[in-house]
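Working notes, structure below.
What follows is calculated from the coordinates using simple rules that are stated; it is not laboratory data. Since this is a predicted model, take the numbers as computed values, not measurements. Glycine also receives a Cβ, built like all others from the backbone with ideal geometry; neighbour counts cover every protein chain displayed.
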Amino acid sequence: MLGRITAGLFFVLLIWGNLVAGMEAGLACPDWPLCQGKFLPPLRVDIWMEFLHRVLAALAAISLLLLARRRMAHYRGLQRAIPVAALALVAVEIGIGGAVVLLGLPVQLTTVHFMIGLALFLLVLYMASCDETTGPAQLSLTGYAGPLFCVMLLVFSQASLGAYLRHSGSGLACPDFPACRGEIIPALWDTPTTTNFTHRLLAMGTLCTTILLYLASLLDKRLKKRHSELFSLACLVALQIGIGAAVVKSGLSYPITSLHLALTLAIIGLTLRIWLLQMGEPSGAGK
């Protein structure tokens, strides 16, 4: 139960942070750790959006501390590095969160802030899945576990680029879809265009990889048990690309952008689940 609560808190925290960025409310509390110089700031929508983001972050950090302590008592050997890494990352994340505000939302640091939050979400999902009953998974990249891990890396990279696009104001460098300024391959390759185009290429790479894994589950008995999960994963990725197109067409509407991120988190969570299940199979380790 604690694992699910912690995962839920981090899910809401990431979505809430996306909404704060979309509303341009990140500096509504220009100081840290106080907000407007107070523990309870004035009642204004943008101020309370940012203030509640901090409250959610505090709750998520406390819940993670309790979860990591519990997992440390049951994990053995190198597996204990996962709760230790989570605790180290959350400490770094708190410090970066304060620096982001005090330095006026610098693009690179804000992107790193999101990336660490996403990494924490992954670690929390692992600890939520590998509890006292199931025990920690024996990590492996052999067999089909390798491609599944690559899907997680692809989605993580794509989401990180998306965060950079959002915070740098480059989300509409390619204002149309699927073309970029009316061209399949853009003629102008400045930094915003290159980042935007790479973001789309990673999305297509993720879709192709998940479709290939689904087809492999139809043909290879080593992956047969993951047939339904891989079908769901491919559908989620396809839907994610569709929502991505809607984000562009809407001019970066922040409710649609938040839905886009929610699907990203769902894709990462499902991929992690499939990876863990596959490693639990003898075939998943290439035996």
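Tabulated data
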{"quantity": "Cα gyration tensor shape for segment 194-287, rounded if a/c is under 1.5, else prolate or oblate", "calculated": "prolate"}
{"quantity": "Residues 254, 144, 214, sorted so that the one with the fewest Cβ neighbours within 10 Å comes first", "calculated": "254, 214, 144"}
{"quantity": "Convex hull (Cα only) mean projected area of segment 27-125, reported in nm² to one decimal", "calculated": "6.6 nm²"}
{"quantity": "Spacing of the two label points (7 Å from each Cα toward its C-beta) at residue 227 and residue 177, in nm", "calculated": "3.2 nm"}
{"quantity": "Segment 1-136, dipole about Cα centre (Lys/Arg Cβ +1, Asp/Glu Cβ -1), debye to the nearest 20", "calculated": "440 debye"}
{"quantity": "Kyte-Doolittle mean at least 1.6, axial Cα span of 18 Å or more - DSSP H helices of the chain", "calculated": "2-22, 81-102, 107-129"}
{"quantity": "Estimated FRET transfer efficiency when R0 is 41 angstrom, pair residue 132-residue 191 (beta carbons, to 0.05)", "calculated": "0.30"}
{"quantity": "Against the rule of thumb 2.2 N^0.38 Å, how large the Cα Rg of segment 93-226 comes out", "calculated": "1.32"}
{"quantity": "Given charges at beta-carbon only (K, R positive; D, E negative), |dipole| of the chain in Debye", "calculated": "860 debye"}
{"quantity": "Fully extended contour minus Cα-Cα distance, from residue 150 to residue 84, at 0.36 nm per residue", "calculated": "21.4 nm"}
{"quantity": "Full-stretch length increase - residue 238, residue 252 - with 0.36 nm per residue and alpha-carbon distance subtracted", "calculated": "3.1 nm"}
{"quantity": "Fewest-first ranking of 107, 237, 247, using other Cβ atoms within 10 Å as the exposure measure", "calculated": "107, 247, 237"}
{"quantity": "Dimensionless Rg ratio for the chain, taking C-alpha atoms and the 2.2 N^0.38 Å reference", "calculated": "1.05"}
{"quantity": "Percent breakdown of C-alpha pair distances by 5 Å bin, ordered from the shortest bin, for segment 1-67", "calculated": "4, 19, 25, 21, 16, 10, 5, 0"}
{"quantity": "Relative contact order [Cα under 8 Å, 6+ residues apart], segment 198-287, whole percent", "calculated": "27 percent"}
{"quantity": "Charge-dipole axis of the chain as Lys and Arg at +1 and Asp and Glu at -1 on Cβ define it, positive-most pick from 211, 17, 180", "calculated": "211"}
{"quantity": "Ranked 200, 76, 166, 71, criterion: other C-beta atoms within 10 Å, fewest first", "calculated": "76, 200, 166, 71"}
